[in-house]
Every structure is written in structure tokens, then in C-alpha cells.
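Student: Let me begin by handing over the structure; questions about it come next.
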Amino acid sequence: MQTKRIKRAVSGVLLLDKPYGFSSNQALQKVKWLYQAQKAGHTGTLDPLATGVLPICLGEATKFAQHLTDENKTYVATVKFGVTTTTGDKEGDIIHQVDCHVTRAEIEQVLPQFMGEITQVPPMYSALKVNGKPLYEYARDGVELERKPRQVTIYALRVLGCADNSAEIEVTCSKGTYIRTLGEDIGKALQAGAHLTALRRTATATYQIAHTVTIEALEQMTAEQRDALLLPVDTAITALPKVLLQEDAAYYFKQGNPVWVSGSIPAGELRIYSEAGLFLGVGFQQRDGRIAPKRVVNL
């Protein structure tokens, strides 16, 4: 008789190095199973082709997963010039091929036109939903839909290396940026075409690839070792201003009540702590000056 696994009320952020071939949801479900976690969520979809930083929020950290989804990210993409594919990466069928010899100097010459705020048309092979159905499902059925262009921001873009009509390009960008589309557009600017042969996310917000762990490593650990890897819940929202509450105000805040606080308070969402340093949740300043809770944690 199979023993039922007992779910745990474990909270924190795990920095996973998502493996090649896994969807973000498959990686999430594997981590959730290993931790026997009651609640878990990931923080921004990575294609099965892509590897790298995928923060997994467990327990109370799931309340702030959207903050990480909205944060800037950094990628290293391997772009192959001279070949375009149906998917914009190596997993698609070849639709056009040309003889070319693209140099590093030529790539660096066109990169400035992709810096700053740019417009992208989302690819058909993407998880973006239309009428509740991901675009890639339409694409697999041979249906192409019109997609609205969207504005994204490229904060940094540089060539790390170049050889044999391929280049490693590092990109730091806003949420919603499609690196496959960026690679294709760079190929168009060079009149050569291009597709991605590899993609690795090296950073999400302040989380870096050097601090990630693989699924294989997690599988070899004890429960105590896995728990030791979890980062505090509030590391998901370090970009928000920090506000300390006196202990009596902290008590009422945790009960869901607006509280008074002295001093100047920044606008927008706030990280709220007790004077003792206990993380209480996220709040905002009301018109009357009091700090009201938006999401309270139960840690």
C-alpha cells in the first residue's frame, strides 16, 4: 500500500537552475513534490529550450511571486545567423537559409538600434493566451493569428563572443521581452536571418545564476538540506521601500488594520517590518496617512 505524502507548510524562495527540456510548470511541480509543499508558484515562464534562474516561491512567498515576474531579467542567448525557423529557435523547422559570414563588428554595429524602449511582436510559439488558449497551440494547428506589438525595454545588450556565424549575446531586459524575437530581429537587421540555439537566464532581479541549485542536486539532499537552501520570503520584494512599525502598530497591522506611523512615507507599495525585524507583509499609505496592509504573511 502506497503511503500518502504529507504536505508541509514550508515557506521561502528556492533559486532553481531550470534544466533543458523542462517546462517551467514541470520544474515547479518537481520542486513542490520534493519539498512536499502545500503551495508553490514560479515567477516567469522559461521555454523548455531555456535553462537558468527560475525562482520558485513556496508557501507564504507565493503571495509575492508576481513581483518577481515583473522584475528585470538577464539572459545569455546563442544566436545562429543565416537560418530562420518556424519557432525562432533550434526546435523549429527551417524556413529559410542563406550563405553568410556575420562578423562581431557587424553585430555590434546593429545592436544600438535595439537598446532602450523597443517594439516587439510576440511570436506564435509563445505562452501568450488568446481567448484562453496559448498561442503555441494555435501554431501547432497551423493557425497564425495577428498579434499586437508590445513595448519592452532593453537595458543592456552586448556580444560576449562570436564564431562560425554564431554569437553569444547578453541581454538585460524588462518583463515581457521575447529573446527569440530579439534574436530574429537582429538577424533581420543584418539581412541574414537568425534563430536561437541556446538560452540561459542568468539573473532575475537580484537573484543570480551562481546561487541556483539543480533538480539533480535537490534529489540527492535530505529534507533539512533542502530547507537550508530556501531564501527568506521578503527577498522577493527587496525593490520595495522598507518601513518599520512599533510593536503595538505591528500587532494591529498583522490583524489587517491600518496603522499610524511617524515620519515621511514613500508612495506605492512598502515592505513592512516590526521594530524587532519581523517581516509582516506589504502595505501602502492611505490618503489619511495611515499604512494599510495589502498582503500579510503568516510566518
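The values are calculated or read from the model by the stated rules, or taken from the named source; none is laboratory data. Values in this document were obtained by computation on a predicted structure and should not be read as measured data. Here the Cβ positions follow ideal geometry from the backbone for every residue, glycine too, while neighbour counts run over all protein chains shown. The protein model used for the area step is the full one, side chains on, heavy atoms only, and it has no ligands, DNA or RNA in it. Shrake-Rupley method; radii C 1.70, N 1.55, O 1.52, S 1.80 Å.
Student: For segment 4-31, which residues satisfy the criterion of being under 21 Å from L199 (Cα atoms) and open to solvent by 90 Å² or more (accessible area, probe 1.4 Å)?
Tutor: Residues satisfying the conditions are Y20, Q26.
Student: So which of S274, S262 ends up being open to solvent by 80 Å² or more (accessible area, probe 1.4 Å), hydroxyl-bearing (S, T, Y) and free of Cβ contacts under 8 Å to residues at least 60 places away in the same chain?
Tutor: S262
Student: Among the residues in segment 123-141, are any among the aliphatic types (A, V, I, L, M) and within 23 Å of L190 (Cβ to Cβ)?
Tutor: yes
Student: Do we have A239 as closer than 30 Å to W33 by Cβ, among the aliphatic types (A, V, I, L, M) and surrounded by 13 or more Cβ atoms within 10 Å (Cβ to Cβ) here?
Tutor: Against the criterion (closer than 30 Å to W33 by Cβ, among the aliphatic types (A, V, I, L, M) and surrounded by 13 or more Cβ atoms within 10 Å (Cβ to Cβ)), A239 does not qualify.
Student: On the basis of being closer than 29 Å to Y35 by Cβ, in contact with a Gly (Cβ under 6 Å, 6 or more places away or on another chain) and crowded, with 16+ Cβ neighbours inside 10 Å, does L280 make the cut?
Tutor: Spelling it out, it is not the case that L280 is closer than 29 Å to Y35 by Cβ, in contact with a Gly (Cβ under 6 Å, 6 or more places away or on another chain) and crowded, with 16+ Cβ neighbours inside 10 Å.
Student: Go through segment 112-151 residue by residue and tally those that are loosely packed, with under 15 Cβ neighbours inside 10 Å, part of a strand (DSSP E or B) and polar (S, T, N, Q).
Tutor: Count: 2.
Student: Another question, if that's okay. What's the number of the condition I154 fails, among (1) out of contact with any Cys (no Cβ under 6 Å at 6 or more places or on another chain); (2) open to solvent by less than 70 Å² (accessible area, probe 1.4 Å); (3) in contact (Cβ under 8 Å) with a residue 24 or more places away in the chain; (4) farther than 16 Å from N165 by Cβ?
Tutor: (1)
Student: Now a separate question. Residue by residue through segment 157-184, note down the ones that are open to solvent by less than 40 Å² (accessible area, probe 1.4 Å), touching a helix residue (DSSP H, G or I) at 6+ places or on another chain (Cβ under 7 Å) and within 24 Å of D99 (Cα to Cα).
Tutor: V159, A167, L182
Student: Looking at (1) closer than 19 Å to S23 by Cβ; (2) free of Cβ contacts under 8 Å to residues at least 40 places away in the same chain; (3) not hydroxyl-bearing (S, T, Y), which is the one condition that is false for Q109?
Tutor: (1)
Student: If you take the residues in segment 280-299 that are of a type in the set (K, R) and in a strand (DSSP E or B), which one is farthest from L58 (Cα to Cα)?
Tutor: K294
Student: Sticking with this structure for a sec: Suppose we filter segment 77-102 for residues that are surrounded by 14 or more Cβ atoms within 10 Å (Cβ to Cβ) and over 11 Å from G193 (Cβ atoms); how many remain?
Tutor: Number satisfying all stated conditions: 8.
Student: Across segment 214-235, which residue is nearest to the chain's Cα centre (by Cα) among those that are closer than 23 Å to Q66 by Cβ and either open to solvent by 20 Å² or more (accessible area, probe 1.4 Å) or at pLDDT below 95 (or both)?
Tutor: Step by step, filter segment 214-235, then rank; the result is T235.
Student: For segment 130-156, how many residues meet the condition of being within 20 Å of L199 (Cβ to Cβ) and touching a helix residue (DSSP H, G or I) at 6+ places or on another chain (Cβ under 8 Å)?
Tutor: Within segment 130-156, residues that are within 20 Å of L199 (Cβ to Cβ) and touching a helix residue (DSSP H, G or I) at 6+ places or on another chain (Cβ under 8 Å) number 1.
Student: (1) free of Cβ contacts under 8 Å to residues at least 40 places away in the same chain; (2) under 30 Å from R8 (Cβ atoms): which one isn't true of D227, the others all being true?
Tutor: Going through the list (1) free of Cβ contacts under 8 Å to residues at least 40 places away in the same chain; (2) under 30 Å from R8 (Cβ atoms), D227 breaks only (1).
Student: Right, another one. Taking segment 190-212, which residues are open to solvent by less than 50 Å² (accessible area, probe 1.4 Å) and more than 16 Å from the chain's Cα centre (by Cα)?
Tutor: Result: L190, A192, G193, A194, H195, L196, T197, A198.
Student: OK, next. So L34 clears everything in (1) open to solvent by 10 Å² or more (accessible area, probe 1.4 Å); (2) in contact (Cβ under 8 Å) with a residue 60 or more places away in the chain; (3) touching a Gly at 6+ places or on another chain (Cβ under 7 Å) except one condition, right? Which one?
Tutor: (3)
Student: For Q66, work out the one condition from (1) open to solvent by less than 60 Å² (accessible area, probe 1.4 Å); (2) under 19 Å from the mean Cα position of the chain (by Cα) it doesn't fulfil.
Tutor: (1)
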